[in-house]
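Undergrad: Dumping the structure here so I can ask a few things about it.
Every number here is computed from the coordinates shown, using simple stated rules; none is lab data. Here the structure is a predicted model, which means the values were calculated and not measured. Here the Cβ is made from the backbone with ideal geometry for all residues, glycine too, and neighbour counts use every protein chain on show.
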Amino acid sequence: MGNEFRNPKLPTAEELESAIEAGIATNIHIPTELRPSDPLHSLPGGLIVLPPNKPCILVPDLHARPNFLYALLLTEFPDLGEPLLSALSNNRITLLFLGDIPHAEGEEAARRWINSYDRALITRDARALLSPEMDEEMGLSLASLLKVMELQCRFPNSVFCLKGNHDNMTNAADHGDFPFYKYADEGRMGAIWLSLRYNPYIMQKLRKYELSLAIAAADCNFCASHAEPAQAISRDSIIAYREHPRVVQALIWTANDEAEEGSVSKSLKAILGSDEKARHSVWFSGHRPISGHFALRAKGQLVQIHNPSLWQIVFVDAESSKADFFLILPDQPKPQKAASLILDPLAR
């Protein structure tokens, strides 16, 4: 497993297709008690109801960091007494990814994207994207994606992945998605690379997998999505997300200071079922980068956890009362505890 993560090789078309099909099958066969059905489509809806009475690890934007995921699976957390992978095998913990599995961030990623963009621009030939730099970048993305899919398939009742705005490797502009760019023209470049390196059929399968991902998760006193809710979101609209692209957009694209006033508290009330529960609960999100270990917004009810410079996860205890922030250390069996947060905003 170490070599697989540390030196990711591009999967063959057959390997990629098989993995994607398995990921789709897992996503659409999650038990209804964990993913309530969308009545309009007779398919699992957009809400994950996290298994009760188990601790939960939240992983913010992975962004093509397979080494981070590899180290996480081998990490032994204080409350578990065994590596995470063993705890998953023993059904002792839940693992929740908050989306944005592909597309690396940081200086090295920017260099890869910009150099590849410039080369294609100079040559005026899209085939220039079939370069070592793009192979490296997309190889990291696919290695991360395939391992998340593998974990979903291996532990379908314990490992869940929500959709983020970067979980759009075909650069689509539908179902709440938009084409995107950061350093160059990553969305379009990645889609062209996929079509050239593999084929349009693989891209169709990959899009089907992305659209099979849920968009929010709920526990007894917290909810989570890739981004902050842009407006008040109802439970029913999340479940029926295929008919509500605006709801998908509202949970994967929201920038800081873009959400409507009270959107977090109103969404918590709608999903958790009462104003009393909502007042004592929080909403976790990734998407917008932070400095430090977490940032509090929406009167302390939104907890942002994505620091792209850290290998950080959030460990929520079985009672969903406290969150411990841990740094995952390369080649170290134990994590480094960095911070703690009482979830109830009124008890801090």
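Undergrad: Which count do you get for residues in the range 89-115 that are among the hydrophobic types (A, V, I, L, M, F, W, C) and touching a strand residue (DSSP E or B) at 6+ places or on another chain (Cβ under 8 Å)?
TA: Adding up the residues that qualify gives 6.
Undergrad: Output the residue which, of all residues in the range 70-103 that are part of a helix (DSSP H, G or I) and among the aliphatic types (A, V, I, L, M), is nearest to residue 254 (Cα to Cα).
TA: 72
Undergrad: Still on this model: Show me the strands (runs of 3 or more DSSP E) found entirely inside the range 141-240 where at least 1 residues are over 25 Å from residue 270 (Cβ atoms) and not charged (D, E, K, R). Steps first, answer last, please.
TA: Working: elements: 159-161, 216-218, 222-225.
In the range 141-240, the matching strands (runs of 3 or more DSSP E) lie at 159-161.
Undergrad: Residues that are touching a Cys at 6+ places or on another chain (Cβ under 9 Å) and closer than 24 Å to residue 47 by Cα: list the helices (runs of 4 or more DSSP H) wholly contained in the range 244-348 that include at least 3 such residues.
TA: In the range 244-348, the matching helices (runs of 4 or more DSSP H) lie at 263-272.
Undergrad: Kindly list, by first and then second residue, each pair from a residue in the range 313-330 that is under 17 Å from residue 97 (Cα atoms) to a residue that is of a type in the set (Gly, Ala, Ser) and part of a strand (DSSP E or B), limited to pairs with Cβ atoms under 6 Å and residues at least 6 apart or on different chains.
TA: Going by the 6 Å Cβ cut-off, the qualifying pairs are 314/323; 316/323; 324/340; 325/338; 325/339; 327/338.
One line per residue, one yes/no per condition, for (1) crowded, with 19+ Cβ neighbours inside 10 Å; (2) over 22 Å from the mean Cα position of the chain (by Cα):
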residue	(1), (2)
130	no, yes
138	yes, no
141	yes, no
145	yes, no
151	yes, no
179	no, no
188	no, no
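Undergrad: State yes or no: is residue 131 among the small types (Gly, Ala, Ser) and without any contact (Cβ under 8 Å) to a residue 40 or more places away in the chain?
TA: yes
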